[in-house]
Amino acid sequence: MLEFLGLDDVTLAAYRQWLRHPEMDVDGVATAVGQATGTVRRSRDRLVELSLLLPSTEHPGHLVAVHPEAGLEHLLQAQHESLIRRHERLVRARAQVSTFVSEYLDNRPGGDGAEVEHIDSADQARVELLALLGRAEKEVLTLHTRDGLVPALTTEVLPVELRALRRGVTMRSVLPRAVSADETGVGYVRTVASHGLEARLTDDPRIDATTVDGRIGLVQFAAPGTESLALIVRSPALANLVTQLFEQIWETAEPLAVEADGERESGSDDLPSDSERLLLRLLSLGVKDEAAARHLGVSVRTVRRMVADLMLRLDARSRFQAGTVAARRGWL
């Protein structure tokens, strides 16, 4: 509970012993808490470093535990001040982000808030789609009906969709039927479906569209004589038309079963531990090894060893494949 103060369970147990039995030496405390003498010696050094143990003036060689209220209060105060500084940095960072947003909007074509904005760059359309997903608060409806989109879905869209789903955003997607015949596509669907996305399949390739919270959308389709055309729709009335189109296609689309025949692959009895499940969820969200290590309270080396072990057990050639196989087995 007090790990954030720099006190692990062994150190806290040792501190309690010295509070109750100031006459104890390191060997006595080690016996009382059931730990090796070397481990307790490191805990003692940590407590001395934090000024929670002081050398006894009356009994040389012994230690006196500082009163918990005084000893721990200064640690809490230090953490409080650290949080204040972090908050101040976050406020400054948010202001800087707002500046970047303003500069971005001022320097982009059609950035005047028009109800319909034409985008003639495929890269810009990708940026807009990811931005829309990142700002979603309630609901995302997506038509991904064109073939050839699976690589972009798995490498670019998947992490953003997973973050939205983790925020509680409701998501439904209509996907091209070719997804069900593509290993990577099936892996993508299983991963997002395991986090709450509803998906259906269609053979109708007429349009790609995404609406967010029923008020803004991105529409992409092939126009005669051009490679592609994209429109940002900011009018709620126009966004509603896109939503109606989605609902029409959704009604005729085929529900996608994410567990073939309801069976799991062999080896599913080798279930992961709670730490491994958490690690898999973190990796599915795109969390880096360093951040995963902080979440788990272990070293980066341990995280990488755990990932390697999971990939071996899942017979996966990549981390992404490990995530999709884990989702298929119900590990996430």
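Which ones in segment 135-151 are surrounded by 15 or more Cβ atoms within 10 Å (Cβ to Cβ) and modelled with pLDDT of 60 or more?
Here is the first cut: in segment 135-151, the ones surrounded by 15 or more Cβ atoms within 10 Å (Cβ to Cβ) are 136, 139-146, 149-150.
Correct list: Ala136, Glu139, Val140, Leu141, Thr142, Leu143, His144, Thr145, Arg146.
If the condition is being aliphatic (A, V, I, L, M) and under 14 Å from Gly286 (Cα atoms), then segment 304-324 contributes Val307, Ala322.
Taking the listed residues Arg264, Arg329, the one that is modelled with pLDDT under 80, closer than 26 Å to Arg166 by Cβ, in contact with a Ser or Thr (Cβ under 7 Å, 6 or more places away or on another chain) and surrounded by 14 or more Cβ atoms within 10 Å (Cβ to Cβ) is Arg329, with no other qualifying. Taken over segment 303-326, the residue count meeting the criterion of being in contact with a helix residue (DSSP H, G or I) (Cβ under 7 Å, 6 or more places away or on another chain), surrounded by 14 or more Cβ atoms within 10 Å (Cβ to Cβ) and either of a type in the set (S, T, N, Q) or more than 23 Å from Glu161 (Cα to Cα) (or both) is 7. When Gly110 is tested against (1) in a helix (DSSP H, G or I); (2) modelled with pLDDT under 70; (3) among the small types (Gly, Ala, Ser), exactly one condition is not met: (1). Applying the criterion of at least 3 residues that are within 40 Å of the chain's Cα centre (by Cα) and either among the hydrophobic types (A, V, I, L, M, F, W, C) or modelled with pLDDT under 85 (or both) to the helices (runs of 4 or more DSSP H) found wholly in segment 1-85 leaves 9-20, 37-49. For Ile249, the conditions (1) at pLDDT below 75; (2) part of a helix (DSSP H, G or I); (3) surrounded by 11 or more Cβ atoms within 10 Å (Cβ to Cβ) all hold with the exception of (1). The combined condition, being at pLDDT 75 or above, of a type in the set (D, E, K, R), buried (at least 17 other Cβ atoms within 10 Å of the Cβ) and in the same structural domain as Leu231 (by TED's automatic domain parsing), is fulfilled by Asp208.
Scanning segment 159-205 for residues that are at pLDDT 80 or above and among the aliphatic types (A, V, I, L, M) turns up Val160, Leu162, Ala164, Leu165, Val169, Met171, Val174, Leu175, Leu197, Ala199, Leu201. Keeping to segment 282-332, report how many residues are more than 18 Å from Leu158 (Cβ to Cβ) and among the hydroxyl-bearing types (Ser, Thr, Tyr). Count: 2.
Hey, among the residues in segment 272-302 that are touching a Gly at 6+ places or on another chain (Cβ under 8 Å) and either in the same structural domain as Val157 (by TED's automatic domain parsing) or at pLDDT below 80 (or both), which one's nearest to Glu161 (Cα to Cα)?
Residues of segment 272-302 touching a Gly at 6+ places or on another chain (Cβ under 8 Å): 280, 283-284.
With either in the same structural domain as Val157 (by TED's automatic domain parsing) or at pLDDT below 80 (or both) added as a condition, the list becomes 283-284.
Values: Leu283: 14, Ser284: 11 Å.
By that ranking, first place goes to Ser284.
Taking the condition farther than 21 Å from Val192 by Cβ and not acidic (Asp, Glu), does Arg277 pass? Answer is no for this residue.
The values are calculated or read from the model by the stated rules, or taken from the named source; none is laboratory data. Predicted model, so just to flag it, every value in this text is computed and none were measured. We place every Cβ from the backbone using ideal geometry, glycine too, and count neighbours over all the protein chains shown.
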